[in-house]
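Reading through the structure tokens given below for one structure.
Read the figures in this text as sums done on the coordinates, not as results from a lab. Quantities reported herein were computed from a predicted structural model and do not represent experimental measurements. Neighbour counts run over all protein chains shown; Cβ positions are idealised from the backbone, glycine included.
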Amino acid sequence: MNSIGNKISPLVKSIPPSGIRKFFDLVAQTEGVISLGVGEPDYVTPWHIREECFYSLERGYTMYTSNSGLPELREEIAIYLKRNLGVEYSPAKEILVTVGVSEALDLAMRVLLEPDDEVLVPEPCFVSYAPGAVLAYGKAVPVPTYASDEYRLTAENLEKCITPRSKVLVLAYPNNPTGGIMSREDLEALTGLIIKHDLIVISDEIYSELTYQGEHVSIASLPGMKDRTLLMNGFSKAYAMTGWRIGYVCGHPEIIAAMTKVHQYTIMCAPIMGQKAAIEALRHGETEMRRMIDDYNNRRKLILSGLRSIGLQCFEPRGAFYCFPSITSSGLNSEEFCEKLLNEEQVAVVPGNAFGSNGEGHIRCCYAASVINLEKAIERMGNFLQRHGLK
Amino acid sequence: MNLENKILKLIAADAKLGNNTIATMLEVDEAVVDATIKKLEADNVILGYKTVIDWEKVGADGVTAMIDVKVSPEREVGFNRVAERICRFPEVRSVNLMSGTYDLSVVVTGETMKDISWFVSHRLSTLEQVQSTTTHFILKRYKQDDFVFEGPQEDKRLVVSP
């Protein structure tokens, strides 16, 4: 037999492992680390949601659900989206419950892309979009966004990257890792181009509730955009339900039907326990969610002020739970910075280049951490910068 | 929510938050936070600062009882006069007027059960307005003032994730 490695598809081999994975291994081997490297809430799922899951298990809800997800959940999602975003979706035909937004992304890429179709991916961004496009035989085209534009996607920068093969635009706002958001005006400035070039938008709105300035606006709510937008959201961030893996995607019935077909043959359905918990979250989770968001907002201000006080330039994040300061003044690249900071001060942050090449020169600091740990981390980072001749 | 309430909400959850931290979180000057807290203290809105302790861990947990007290209300002052009298005993930790089958709920601590029974029989029951008492001893504490006695749960998240 040839070497086992040769059996692996060249396409999969062509995808580099996530930069985060490599850094994770380093952090996991270090003692006494304060980690600002996580990408999830520091809360456990509110008790009433967990309790509802136990109750559903007690009553014997351990079976498959329909491929699309429990009808009550899809109805609650439709109510939520109409109330919060002003977009109406039919629970029967336009909503699919998935295993997190991650699955929805994968389905969308597989359903939409033909070989060499291009997916426009504003960077820095979450790590899955480009590999997701490549795994569906497409091509990811990075569209750089900049701190000087508050990490918004501008029509000018988008247009430069559009080609006749462009088919999909990913919008991920509020943004991981920058904390950038897109206002209604920012989104309106893009719709002309999107329509002109007949693009489909994958709008990953998983951080929508974590918007601290202004209101979250979905591009699906703008005129002419609903049918060409796949709106994705879930429960992980707003309701501290990362491990439950429940997300959803809403869009044109034909695309949703195609996605449901792939979902049916690969996943069958999202786990029923998570779906039951998600219903509870939508029905009764608002108070706890608001409490958590208020707390994130307090810590957002604390870390922003702290990072600036130790001499790091930092764009003010307006959403999600990350700060994305520039570390170019250190003279180190982002991986060197993170490794040295970890080794010397036992603070873990994520190198910006893990989120796309124009994330280089930055680090991602997650402020879903206790106030004590945030203050300690800032102090340690300050010591680190001083020792390396900064500030 | 006004600034006073925002500050109170923060320090109600964590009295050790520094005024500079509060100032940063609420985007006001530290001097404003200092002054507001001083005013709230002077106005008796902030009555004091205490620590929530698991005394059992240091072998000094003593005995706590919750006593249901039926009292006769008095003309003009209702339950106030007797409640205020009960409040003055140092072993009384809290006094609340309740709806339901009794009137005052009184929490009392002592070193031994004997201390508490002596308090009930000699101090509380002998007040002329007190008609009857029912004493419930606390056997085990699970949660107090938002704190679960098992202690904080460890952070179970992966140390780095996307």
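Structure summary
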read-out	value
Whether chain B is rounded, prolate or oblate, judged on the alpha carbon gyration tensor where a/c under 1.5 counts as rounded	oblate
Net charge dipole size for region B:1-148 [Lys, Arg +1 and Asp, Glu -1 on Cβ; Debye, nearest 20]	420 debye
Furthest towards positive pole of dipole, A:Q386, A:F321, A:N353, structure part region A:269-391, Cβ charges	A:F321
Per-residue Cβ neighbour rank within 10 angstrom, fewest leading, B:E91, A:E205, B:E84	B:E84, B:E91, A:E205
Helix-only [θ]222 nm of chain B, DSSP H runs n ≥ 4, -39500 (n - 2.57) each, per residue, nearest 500	-8000 deg cm²/dmol
Ranked list, fewest to most other Cβ atoms within 10 Å of each Cβ, for B:W55, A:W47	A:W47, B:W55
Least to most buried among B:V77, A:V347 (fewest other Cβ within 10 Å first)	B:V77, A:V347
Per-residue ³J(HN,Hα) for region A:212-223, Karplus 6.51 cos²θ - 1.76 cosθ + 1.60, θ = phi - 60°, Hz, x for Gly and Pro	9, 10, x, 10, 6, 10, 8, 5, 5, 7, 7, x
For residues of A:326-335, the mean tally of beta carbons on other chains within 10 Å	0
Sequence-distant residues sharing a close amide H with B:Q131 (under 5 Å, placed H)	B:K70, B:V71, B:S72
Reachable aspartates and glutamates from B:K57, criterion Cα separation under 14 angstrom, eight or more residues apart if same chain	B:E150
Inter-chain shielding of A:295-303 (mean C-beta neighbours from other protein chains, 10 Å cut-off)	3
5 angstrom amide H check on A:T145, placed H, neighbours 5+ away	A:E123
HN-Hα J in Hz across region A:32-46 - Karplus 6.51, -1.76, 1.60, θ = phi - 60°, x for Gly and Pro	x, 7, 8, 9, 9, x, 7, x, 8, x, 8, 9, 7, 3, x
Percent RCO, i.e. relative contact order, over chain A, from Cα pairs under 8 Å lying at least 6 residues apart	23 percent
Unit charges at the beta carbon, dipole of chain B: most positive-side option, B:A35, B:V120, B:C87	B:V120
Linear extension gain, A:K7 paired with A:A155, 0.36 nm per residue minus alpha-carbon span	49.0 nm
Sequence-distant lysines (8 or more away, or on other chains) whose Cα lies within less than 20 Å of B:K39	B:K6, B:K9, B:K16, B:K50
Net charge of neighbours whose Cβ lies under 10 Å from the Cβ of A:Y129, counting Lys and Arg as +1 and Asp and Glu as -1	-2
Cα-centre dipole for the protein assembly as shown with unit charges at Cβ (Lys and Arg positive, Asp and Glu negative), debye to 20	520 debye
Neighbourhood charge, 12 Å Cβ-Cβ cut-off, centred on A:K22 and excluding it, Lys, Arg +1 and Asp, Glu -1	-2
Sum of side-chain charges, A:H284 neighbourhood, beta-carbon under 14 Å (Lys, Arg +1; Asp, Glu -1)	-2
Cα shape, region B:3-42, gyration tensor, a/c 1.5 rule	rounded
Whole-Hz ³J(HN,Hα) from phi, Karplus 6.51 cos²θ - 1.76 cosθ + 1.60, for region B:149-162, glycine and proline x	5, 5, x, x, 7, 5, 6, 9, 6, 4, 5, 9, 8, x
Long pairs among A:K82/A:K196; A:K237/B:K143; A:K13/A:K340; A:K167/A:K261; A:K82/A:K261; A:K13/A:K139, criterion Cα-Cα beyond 18 Å	A:K82/A:K196; A:K237/B:K143; A:K13/A:K340; A:K167/A:K261; A:K82/A:K261
Assigned charges on the beta-carbon of Lys, Arg, Asp, Glu; region B:55-140 dipole about Cα centre (debye)	20 debye
Global form of region B:36-127, assessed from the alpha-carbon gyration tensor, a/c cut-off 1.5	oblate
A:T98 long-range amide H proximity, modeled H, under 5 Å	A:G247, A:Y248, A:V249
Antiparallel DSSP beta bridges within the protein assembly as shown, as percent of all bridges there, nearest 5	65 percent
21 Å Cα-Cα reach of B:K114 towards lysines, excluding residues that sit fewer than 8 places from it in its own chain	B:K140
